[in-house]
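All remarks here apply to the structure that follows.
Any read-out appearing in this document is the output of simple, stated calculations on the displayed coordinates, not a laboratory observation. All values reported here derive from a predicted model rather than from experimental measurement. For neighbour counting, all protein chains shown are included, and Cβ atoms are generated from backbone atoms with ideal geometry for every residue, glycine included.
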Amino acid sequence: MANTHAALGYGRMAARREKVSRWESGRIAPELTAQLTIAHIHKVPQMEVMRLGWPDWLYLAAGAQSLVGLPWTAQAAAQALREGTRARPAQPQSFLVVTGGAITTLIRDWLTALDNSPSPMRGGPHIHADAVGALESRAGALSEMETQLGPALLGPVAHAECQLLAKLLSEVGYDEDSGVRLHLLASGISHLCSRLNYVTGDQAGAERLLLAAVRTATTAGAPQTAAALIATLASHHMDIGDPRDGFALADAAWAVARRTTAPHRLVALLHICEARGYARLRAETTSACAFSAAAGALALGPAAHEPPVADWVTMETLELNVGASLLDLGQPARALDHLAALMIPTQDGGPAPGLRALYLPRLAKAQLAVGDVETALQSARTALGLLEPAPAHRDATREFRHMFAPYCRNAAVRDFLDLCAVPPGAPPHEPSKDAS
């Protein structure tokens, strides 16, 4: 490292083990030139070092290779699932790890694996088919709970189920039929966990679980399911990453979807994904056309062979994505028309808690943009309630403090900003008596 530091023109640096030990302990962060040297060695772009800061950018150094570099086998699928369910830092990691060249590698290897996936079988005492059936029933119950329970409540339960499936895939025997069922179960549950992570602000964790879901679906010989998962990963890049990576992933998913008659919800998902990307690129007309194509696909109704992981793609989620895109395009008044359903509580027929938690901050932003401060406060309070006690609550409070700061002369806003400054679980403060 010292030699590379000098070769890059940063001058001499001490090559002592104690120096590295201090970095590893977390007591001290390396100076910027040392970080840039480490990044150069591990092929992490300098802009990512500056954007993410220490130590978050380190996940780009090890993460992409550990997620993408595994072979496409049943054993590696189980390993990816274990890695995805492993405990992570308490602070959410609001960035994506697999980007750029790693996306190219992922697409190439995934398409190759789809045509060469071995049958999922494992030696040893076989799990009984009744046990697999019981696991399938539990997975169905978790999906049903997602429609009523907030992500902070459901997350620990879903992750425990994912850990159980990772352990079964790694330690018990199964014949081909049970192996396919177990891998499909693992794919569905890891996708559920990925959604919950994404909603609660841990995008890096969501990505790990989503890639594990792609691997287990591919191992199960379910190309349309795997394509829907790749499309979901593409949507993450359209939303918070580089749309170019998103479009590359979407193209790969289209190629697989079109090998047979593409399921309607998968087609709609891909159109929604591309529409979000076009909106990020300020291509309003193209985005609108893609949303129209998605609505047309959904109007055909579910196909007989829809992948279960695309069940969440509905007219409701289409509307929310249209609203988010209009907000990206600087049209908050129009966005409100499409985000209005978020104001309806779940128990009264409104969107599921996870969708509300994900989109309510955008609704609040649109409401503020048109001057409706009071309703924006209501949306923000509801969003925080859905996220507490998830770690993402801290990120959300920071976002809302920044969003509402310009309105601090309003007494209700001051009360809300005070609330955002109180850690979750602390005793509530007394509301301000100021009427102005």
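Using only DSSP helix segments of four residues or longer, with each worth -39500 (n - 2.57), what per-residue ellipticity at 222 nm results for the chain after dividing by its residue count and rounding to 500?
My calculation for the chain gives -21500 deg cm²/dmol from helical runs alone.
Relative to the present Cα-Cα distance, how much length would full extension add between Asp175 and Asp337 at 0.36 nm per residue of separation?
Value of the extension gain: 53.2 nm.
If you plug each phi of the stretch 328-338 into the Karplus form 6.51 cos²θ - 1.76 cosθ + 1.60 with θ = phi - 60°, what whole-Hz ³J(HN,Hα) values come out, in order, with x for Gly and Pro?
4, 7, x, 10, x, 4, 5, 4, 4, 4, 8
Listed highest first by mean packing, meaning other Cβ atoms within 10 Å per residue, what order do 400-410, 331-341, 303-313 come in?
Packing order, densest peptide first, comes out as 303-313, 331-341, 400-410.
What are the ³J(HN,Hα) values, in whole Hz, obtained from phi via the Karplus relation 6.51 cos²θ - 1.76 cosθ + 1.60 with θ = phi - 60°, for each residue of the stretch 216-231 in sequence order, with x given for Gly and Pro?
5, 5, 5, 4, 6, x, 10, x, 5, 5, 4, 5, 5, 6, 5, 5
Return P(r) of the chain (all Cα-Cα pairs; 20 Å bins starting at 0; whole %; ordered from short to long distances).
Calculated P(r), rounded to whole percents: 24, 54, 21, 1.
Can you work out the Karplus-derived ³J(HN,Hα) for every residue in the stretch 347-362? Use 6.51 cos²θ - 1.76 cosθ + 1.60 with θ = phi - 60°, whole Hz, and x for glycine or proline.
Once θ is set to phi - 60°, the couplings for the stretch 347-362 become 5, 9, x, x, x, 4, x, x, 5, 5, 4, 6, 9, 4, x, 6 Hz.
Which shape class applies to the stretch 239-393: rounded if a/c is under 1.5, otherwise prolate when a/b exceeds b/c and oblate if not, where a ≥ b ≥ c are the square roots of the Cα gyration tensor eigenvalues?
Judged from the Cα gyration tensor, the stretch 239-393 comes out prolate (a/c at least 1.5, a/b above b/c).
If packing is taken as the average number of other Cβ atoms within 10 Å across a peptide's residues, how do 76-83, 381-388, 6-13 rank, most packed first?
Final packing ranking: 76-83, 381-388, 6-13.
When you take every Cα atom in the stretch 60-221, what is the radius of gyration, and what is Dmax, the widest Cα pair distance, in Å?
Answer for the stretch 60-221, Rg first and Dmax second: 15.3, 44 Å.
Order of 240-250, 188-198 by packing, highest average Cβ count within 10 Å first?
188-198, 240-250
With the cut-off at 1.5 for a/c, could you classify the stretch 159-251 from its C-alpha gyration tensor as rounded, prolate or oblate?
oblate
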